[in-house]
Amino acid sequence: MIDPIAVEAPQVPAQPVPAHVGRSYWRAAFSRLRRNRIGMASGALLLFFVLVALTAPLIAGFITHTNYSSQDLTNTFASPLSPGHLLGTDDLGRDTLTRLLFGAQVSMGIGFLAVFVSLAIGAAVGLVAGYYGGLIDGLLMRFVDVILAIPSIFLFILMSILFKPSTVTLALIIASVGWGSIARLVRGEVLSVRTRDFMVATRALGASDARLIIRHLLPNVLHVLIVFGSLYLGSVILTEAALDFLGLGINPPIPSWGNMLTNSETFFFHSRWLVLWPGVTIFLAVLAANLFGNAVRDAFDPRLR
Amino acid sequence: MPGPLLGVHDLKTQFFTPEGVVKAVDGVSFELNAGETLGIVGESGSGKSVTAMSIMRLISPPGRIVEGRVLYDGRDLATLSESEMQGIRGESIAMIFQDPMTSLNPVFKVGWQVGEPLMLHRGESKAKAFASAVSVLAKVGIPSPGDRARDYPHHFSGGMRQRAMIAMGLTTTPKVLIADEPTTALDVTIQAQILELLRTVNREFGTATILITHNLGVVAGMCERVMVMYAGKVVESGPTEDVFAHPTHPYTWSLLRSIPRLDAERHEPLKPIEGLPPDLIDLPSGCAFHPRCPFAIEKCSRDVPPLNRVGDAQLAACWVTQSGTELPHA
């Protein structure tokens, strides 16, 4: 009798395979992302803002030679390109460039922290709701409905009064609303993945619920988190700037792009650059975040193009 | 003589749907001996897969095992806790599924998945489990297993994936392997290879196999014993040769008769079983097969026939044959 194990398709010499075969989903996605020039440029700009935020004290110490709160009442409203003040000074003679640098710390810090916290809570709730279904799903999703039904601006105002806004508390306040949409998206994706045969097959191997959720479901919904997280960053930066502008977020003397606008609107008619610099910075950061988010979405979900 | 490896006693699994209670498995009993291959045949919806899923305790709501015992190794699987059951699944009883295209997780390398039972049950490290997976992949006939283990499932053909699924089931050398229509989704030449592989596994690992299929040819070639299911009940069971030579339930008889024959006249029409499988929510009275049965007598629509001994080891649940009437040659 023929050895049954040898009953394999006849051995054919290895054929050259196209370059895209043999790559994982992730590698293919990253390679699509790398080919997207606008996306990569936006990513580079975001990275630049992050680096600026991280090195703000160094730049202030060695390049602009000033501090974000050091005032010089003899040199208020200095024009851009004036000696020692590349972007000019404000009503208290503080260096605008230095304040923008430190403002990046606020915007990037809150942006990334709020996105991360929203993703973590949203993913956990979405995975649990989608996986268990039934009553658990019903309760969690109704709670999400409630969260999403609250007008967020009023919630932010209330929270800002209750908690003294700092980078961390403000990020948590924004995340306390942001996780809802993520939970919904993740749950939807889980519902479709959950019914796939490999979930039962893996359960038949003796895997526990926790293992199924964390090791098998999570990697299958990770692309949802990556895409939504990238797109959400821009909206967090904008929300945070708006709260600062309204005086409900980070307050002076700590500079933020939002509260720099608050102070400067008063002086708009004689010192437009005070509005221009933080405005342009916010615009660029949000635009970069959104374009990068779009690029990530195109790379991870090519069907949507 | 030692007792059977696996004993299923009066298993009842029902699904509680808004339309009513679906009696998917309705009092099934059978035994599986060590090293044996048992075939379970029947139409779609006859309860074959639900029986297998019930043994594995993989029935999820709205389904529930409402009655019965599943004895394995002196324990009733139906009463074990979920975490005890996790120790049985994949360790003592493994299961492979119909569609190998969707039964592997698309985001993980095949080797990692094949080794997963070893991580779960033997506490092996990722690297060690991967190495073990490579050697099992070699045993199931994956060429250059060291390289292929690093591939993702979408790089595998259907036959290769089913081999990988079988490898996954075998890593822990379970006592029982349940194969739920393992070849249905594969093309014919690959089917033969996979069946050959299952036969080798059964012989070399001594793994008792439950083979669920609707292909009677597969049963004839693979299984020592066969069990025929209809509407959630066992209607006939026994040694494959006896059942195929002398079917004693009209349903088995009709199934065998409906197989196209090589020696048939050209243009001779196929002989289908008339009618449709019954509605499992609203089963016919008496014997569930009586509306489609060419031999039905008045008693068939009144009383449910018991599964009685009709030969040396053959059982059948039919009033007609139990009253002494012989079915014509199939």
Subject >> Extreme residue, positive dipole direction of the stretch A:193-303, given options A:G247, A:L291, A:N220 (C-beta unit charges) >> reply: A:N220
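Determine the shielding of peptide B:91-102 by partner chains: average, over its residues, the number of Cβ atoms on other chains within 10 angstrom of each Cβ.
Values: counts 2, 1, 2, 3, 5, 2, 5, 1, 4, 2, 1, 7.
Average neighbour count from other chains, rounded to a whole number: 3.
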Subject >> Distant alpha-carbon pairs in chain A (separation over 32 angstrom), percent >> reply: 43 percent
Original post:
Among B:233-242, B:302-311, what's the highest-first ranking by average C-beta atoms within 10 angstrom per residue?
Top reply: B:233-242, B:302-311
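How large is the dipole of the protein assembly as shown about the Cα centre if only Lys and Arg carry +1 and Asp and Glu carry -1, each at its Cβ, rounded to the nearest 20 debye? Mind showing how you got there, number by number?
Values: 51 positive and 52 negative charges, 307 e Å.
The dipole magnitude comes to about 1480 debye.
Membrane-span-like helices in chain A: DSSP H runs reaching 20 Å or more (Cα, own axis), mean Kyte hydropathy at least 1.0?
On the way: long enough: A:37-59 (31 Å, 2.02); A:96-132 (53 Å, 1.56); A:134-149 (22 Å, 1.68); A:167-194 (37 Å, 1.15); A:218-245 (40 Å, 1.50); A:273-300 (39 Å, 1.35).
Taking the DSSP H segments of chain A (at least 20 Å long, mean hydropathy at least 1.0), we get A:37-59, A:96-132, A:134-149, A:167-194, A:218-245, A:273-300.
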**OP:** Starting from the coordinates of the alpha-carbon atoms of chain B, obtain the Kirkwood hydrodynamic radius over all distinct pairs and give the value in Å to one decimal.
**Re:** 20.9 Å
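For the stretch B:275-330, what is the charge dipole size about the Cα centre, in debye to the nearest 20, if Lys and Arg each add +1 at the Cβ and Asp and Glu each add -1 at the Cβ? It would help to have the intermediate numbers written out before the result.
Values: 4 positive and 6 negative charges, 12 e Å.
For this selection, approximately 60 debye.
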Original post:
Which value in nm describes the separation of the simple spin-label points at A:L92 and B:H267, placed 7 Å from the Cα toward the beta carbon?
Top reply: 10.3 nm
Original post:
Which of A:S166, A:S264 comes first, and how do the rest follow, when ranked by fewest Cβ neighbours within 10 Å?
Top reply: A:S166, A:S264
Original post:
Near B:I212, within a Cβ-to-Cβ distance under 9 Å, what is the net charge of the other residues, with Lys and Arg +1 and Asp and Glu -1?
Top reply: -1
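Sorting B:T248, B:T325 on the 10 Å Cβ count, fewest up front, what's the list?
Working: B:T248 24, B:T325 11.
Ordered by Cβ neighbours within 10 Å, fewest first: B:T325, B:T248.
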Original post:
What is the average number of partner chain Cβ atoms found within 10 Å of a Cβ in A:204-215?
Top reply: 6
**OP:** Within a 10 angstrom radius of each residue's Cβ in A:194-200, how many Cβ atoms of other chains show up on average? Whole number is fine.
**Re:** 6
**OP:** For B:S135 paired with B:A313, estimate the spin-label separation in nm (one decimal), with each label point 7 Å from Cα along the Cα-to-Cβ line.
**Re:** 3.5 nm
Subject >> Radius, Kirkwood style, for the protein assembly as shown when every pair of distinct Cα atoms is counted (Å) >> reply: 29.3 Å
Original post:
Gap in Å between the Cα centre of the stretch A:198-257 and the Cα centre of the stretch B:188-245?
Top reply: 49 Å
**OP:** Pull up the DSSP beta bridges for the protein assembly as shown and report the antiparallel fraction as a percent, rounded to 5.
**Re:** 65 percent
**OP:** Could you pull out the pairs from B:K48/B:K109; B:K23/B:K48; B:K139/B:K175; B:K109/B:K175 whose alpha carbons sit more than 23 Å apart here?
**Re:** B:K48/B:K109; B:K109/B:K175
**OP:** Would you be so kind as to identify which of B:G42, B:M56, B:L307 lies farthest towards the positive end of the dipole of chain B, taking Lys and Arg as +1 and Asp and Glu as -1 on Cβ and the Cα centre as origin?
**Re:** B:M56
Subject >> Highest average packing first - B:88-95, A:132-139, Cβ atoms within 10 Å >> reply: B:88-95, A:132-139
Original post:
Pick from A:V144, A:V50, A:V200: which residue has the top mean-square fluctuation in a GNM of chain A where Cα pairs under 10 Å get a spring?
Top reply: A:V200
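Given +1 on the Cβ of Lys and Arg, -1 on the Cβ of Asp and Glu, and no further charges, what dipole in debye does the stretch B:6-223 carry about its Cα centre, rounded to the nearest 20? Intermediate results must be reported in sequence, preceding the final value.
Working: 20 positive and 22 negative charges, 119 e Å.
Approximately 560 debye in magnitude.
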Subject >> Least to most buried among A:F228, B:F289 (fewest other Cβ within 10 Å first) >> reply: A:F228, B:F289
Original post:
Given C-alpha coordinates of the stretch A:162-265, what is the ratio Rg to Rh with the Kirkwood estimate of Rh?
Top reply: 1.21
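Read the figures in this text as sums done on the coordinates, not as results from a lab. All of these numbers come straight from a predicted model, not from anything done at the bench. Cβ: placed from backbone, ideal geometry, glycine included. Neighbour counts: every protein chain shown.
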